[in-house]
Amino acid sequence: MPAGVSVVDVGAGDGKLAAWLAAAGRRVIATENKPGPLAEVRRRLDPLGIECRLGEGLLPLAPGEVQVAVIAGMGGRTIASILAASPEVVRSLEGLILQPVQHLAELREVLERSGFRVEAEAAVVQGSHRYVALRVLPAYSTGS
């Protein structure tokens, strides 16, 4: 992802990914779906100038507001539900970075049925856990 790209970090958690993305020159919006976690991530990210929003998945965004969505650390079923709940926002994206912690095969099936294309994937090791990160393009995209 080149500098200057606008990104949403869905379910920003501890805010480390959002902070890293912003430090690398991206415009970042971080979302959380509960007030408590949002307050915590705001405490960490507001000093960095990162906008934080309350809401489920991609619902806090307007279509075209960001170019890339990062959805990591959730189950594949949850990721699929997030995408299905915001079709206008998803259609406006140039790409998605998805890192499911479980149900990878189910997520792949949903993506394929929905016309998404997995452009690249990489193994991610976190402690004793191994996950797969997917770079996904919408059906209409020709890639970059």
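The values are calculated or read from the model by the stated rules, or taken from the named source; none is laboratory data. Only a predicted model underlies this, so the values are computations on that prediction, with no experimental measurement involved. Here Cβ is always computed from backbone atoms with ideal geometry, including for glycine, and neighbour counts include all displayed protein chains. Surface accessibility is based on the protein's heavy atoms, side chains included, excluding ligands, DNA and RNA. Shrake-Rupley method; radii C 1.70, N 1.55, O 1.52, S 1.80 Å.
Roughly speaking, to the nearest percent, how much of the chain's 1.4 Å accessible area is carbon and sulfur?
That fraction is 54 percent.
Over all alpha-carbon pairs in the stretch 85-144, figure out the percentage whose distance exceeds 14 Å.
Pairs farther apart than 14 Å: 57 percent.
Might you report the magnitude of the Cβ-based charge dipole of the stretch 1-119 about its Cα centre, with Lys and Arg at +1 and Asp and Glu at -1, to the nearest 20 debye?
Computed about the Cα centre, the dipole is about 140 debye.
Which distance in nm do the two modelled labels at residue 131 and residue 102 give, with both placed 7 Å along the Cα-to-Cβ direction?
Placing both labels 7 Å along Cα→Cβ, they lie 1.4 nm apart.
Quick check for you: with a 1.4 Å probe and neighbouring chains kept, what is the accessible area per residue of the stretch 31-144, in Å²?
55
Roughly what % of DSSP beta bridges within the chain run antiparallel, to the nearest 5?
Antiparallel: roughly 40 percent of the beta bridges in the chain.
As a test question: what accessible area, to the nearest 10 Å², does residue 1 have when a 1.4 Å probe is rolled over all protein chains in place?
90
What number, in percent, do you get for the relative contact order of the chain if the mean sequence gap of Cα pairs under 8 Å and at least 6 apart is divided by its residue count?
Relative contact order comes out at 19 percent.
As an exercise, take the mean of 1/r over every pair of distinct alpha carbons in the chain, invert it, and state the Kirkwood radius in angstroms.
The Cα-based Kirkwood calculation yields 15.2 Å.
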